[in-house]
Every structure is written in C-alpha cells, then in structure tokens.
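What follows is a set of notes on a single structure, which appears directly below.
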Amino acid sequence: MSAAPNLREQSGGQAALALATSPHLHSWWTTPRLMWAVVVALLPCLGAGLAFFGWQAAVIPAAAIAGATATEAAINRWRKLPFTLGDGSAVVTGLLLGLILPPAFPAWMACLGGIVSIGLGKAVFGGLGMNIFNPALVGRAFLQAAFPVSMTTWAANRLAVDTVSSATPLALVKFREPGLRAMEVAPPLEHLFLGITPGSLGETSALAILVGGLALLVLKVANWRAPAAMAVGAVLLGGTLWVYDPAQYPHPLFHLLSGGFLFGAMFMATDLVTSPITSRGLWIFGFGAGCLTVVIRLFGGLPEGVMYSILIMNATVPLINRWTRPRVFGATR
C-alpha cells in the first residue's frame, strides 16, 4: 500500500513523514453551529408555549437566558478566559431552562435558575465540554428545591376546553380520587399530542417537540439512539404495569405524551457532553432514563420524574463509557 499521501517533500529532495494529531476527520459542524441549530430547533416549542399561555410567558426564557449569559460572561472575565458567548452554549442552556418552567414562573427566579445552571452546572466543572450533568436540569433541580410552590403552580392553557383547572395531566393521574381509573381522569391523548393541556412552557405540545427534535435527528446533530431507548424503556415498563392493572396504571402512550418526557428525550438525553459516546452506551443510558421516569412517576412522591431520571443517568455516564468501550483491534481482553 502506497504511503505517498503521508509524505511531504523537503527542500533537499527527501521525503518526510507528516505527523498530525487528531481529529483527522473534519466536519462542517462546529460547536457554535451545533448550539445555534439547537436554538432554532427549540423555536417550535417556544412558539407553541406562547400560543398556549400568552406572549407574557416569553419573559421566562428571556430571563433565564439573561441569567445564563451574564454568568458565563462574568466567570470568563474573572478567569481571564476568551469571550465565548458567541458559541451559543449559554443561550441554549437558558432557553432549555426557560422552556421547562411553569408559564407563570417569576422572572427573577428564572434568572436565578440561569445563574445556577451556568455557575453550578457548567463552570465549576471547567466549562463547556467538561460538565457531568446537564446544566439546564441542574438549574431546574435547584429551583425545584428552593421554590417548590412556584415550581408546582401552573397556569391554565387558554386553548384547553377546561380553562378553570390548571392541574397538569400527570398531577391529575397521580393525585386522583380513590376509585377512579387512571385514564378516566387523564386528558385525551390527542390533547396531549397537540398540547392543549396545562404544563411547562415548552413541554405541553408533543407535536412541536417532535418537529424540532426530528430536525436535529435528521441533521445528525442529535443521536437517535438515546430518545429511542428512552421511549422503549418507558413503553416496556409502563406497558407491563398497564397490562397488569389498567385501572391503577395509565396507558404507556400517556407516559410518552405527558409531562416533559418527549422534551427530555429529544433535547436533554441527546446532550453531546452528558450522554455516552458509544452506541451501546446510548441504549443503556436512554433505557435507564425511561424506566426511572416511569418508576418515579408511579411510585415516587412527585408526579414527574424526567429531570431526576436524566440527572441520575448523567452520573452513570463515565461507567457506561467504560463498560461499553470498544475492544482494541487484535486485543484478546
């Protein structure tokens, strides 16, 4: 096999081997392009949220973005690091956080959540590409612990038929009166698909989430294995329980279409930094997150479990990467 492609001719007529460090394969995708592509993919969720809850709800993601970007700029200035706001990572974190908050959430709390997302979820680990946990979920977990009342106060969806009740579908099923079947109190599946139910600003419409999420999958910005495995885990466990006792446990499609499941599967579980780097690892990661979501929803104290399930699986990523590391060619063990 000719080695000519790896040779360069020196001035004396001799050939010298050209050595270069990885990566040897280059792509049109750069970090800023990836981040801004995610921002564009989130616009359908933002638009649906504003249509369901009013234009005033735009203050929440704006405040979260402001807190995230200001914190990143301040930390970089303090550490004398280059200006990095142009890469879009802080904007993505703030927008993701804003879309998983209640529509009537106070703006100053959303801003504080953006500060924590960048400061505690990203900067303390060394910055972009070094964080262990999804920064937006870190910010939401902080807000859930610090302001539980505000985090569980939901605004009524103005397109819903019942505009009086502001309870989310998960809460209706979780805290239903004894004797009622799970699917008797749950909204119709078509309402969950379209998003005409109460919930977080950008999580109610499965249709809007799929539009943006599938665009990322088609462009190969996100890996399809993580959301697919997450759906398989939820359907298998949720479906098994539903078959065992359909009166007590909701239909498996309810798990997929309600709460933040699809949003978490499409935009959180696919995070390049906090998800496994191997194909087998992504299946393990997603399947575990899907099963944990169902367990928390049905047997835990909270009606929703997507946030904690992904954060728990984030902590296992180093082990998953080690277990699923490909064997070196020619090695016996």
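Computed from the coordinates by the stated procedures, all read-outs in this text should not be read as laboratory data. What you see is a predicted model; the values in this text were computed from it and never measured. Positions of Cβ are generated from backbone atoms using ideal geometry, with glycine treated the same way; all protein chains shown enter the neighbour counts.
For this structure, a couple of remarks:
- Helical content alone sets the calculated 222 nm signal of the chain at -16500 deg cm²/dmol, taking -39,500 (n - 2.57) per DSSP H segment of four or more residues and averaging over every residue.
- Dipole-positive endmost among ALA228, SER258, GLY281 within the chain (Cβ charges, Cα centre): GLY281
- Most mobile listed residue (ALA68, ALA229, ALA145) in the chain, GNM with C-alpha springs under 10 Å: ALA145
- Cα gyration tensor, the stretch 186-304 - rounded (a/c under 1.5), prolate or oblate: oblate
- Translational diffusion coefficient (Stokes-Einstein; Kirkwood radius from C-alpha pairs) of the stretch 38-105 at 4 °C, 1.567 mPa s, in µm²/s: 103 µm²/s
- Rounded to whole Å, the principal axis extents of the Cα atoms in the stretch 101-181 read 51, 27, 21, largest first.
- Cα pair count fraction exceeding 25 Å, expressed as % - the stretch 31-151: 18 percent
- Above 33 Å, the calculated P(r) of the chain contains 30 percent of its Cα-Cα pairs.
- Between the stretch 83-100 and the stretch 103-129, the Cα center-to-center distance that results, in Å: 10 Å
- Choice from LEU170, LEU85, LEU292 with maximal GNM fluctuation in the chain (Cα, 10 Å cutoff): LEU85
- Summing Cβ point charges (Lys, Arg +1; Asp, Glu -1) relative to the Cα centre of the chain gives a dipole of roughly 980 debye.
- ³J(HN,Hα) computed for each position of the stretch 263-270 - Karplus, 6.51 cos²θ - 1.76 cosθ + 1.60, integer Hz, glycine/proline x: 4, x, 5, 7, 10, 9, 5, 8
- Choice from ARG181, ARG140, ARG77 with maximal GNM fluctuation in the chain (Cα, 10 Å cutoff): ARG77
- Cα→Cβ-extended label distance, 7 Å offset, between THR31 and GLN56, nm: 3.9 nm
- Calculated SAXS-style log₁₀ I(q)/I(0) at q = 0.19 Å⁻¹ - the stretch 126-219, Debye, Cα scatterers: -1.06
- Once you reduce the stretch 58-78 and the stretch 201-234 to the center of their Cα atoms, the two points are 26 Å from each other.
- Positive-end residue of ALA62, GLY126, SER150, charge dipole of the stretch 31-151 with Cβ unit charges: GLY126
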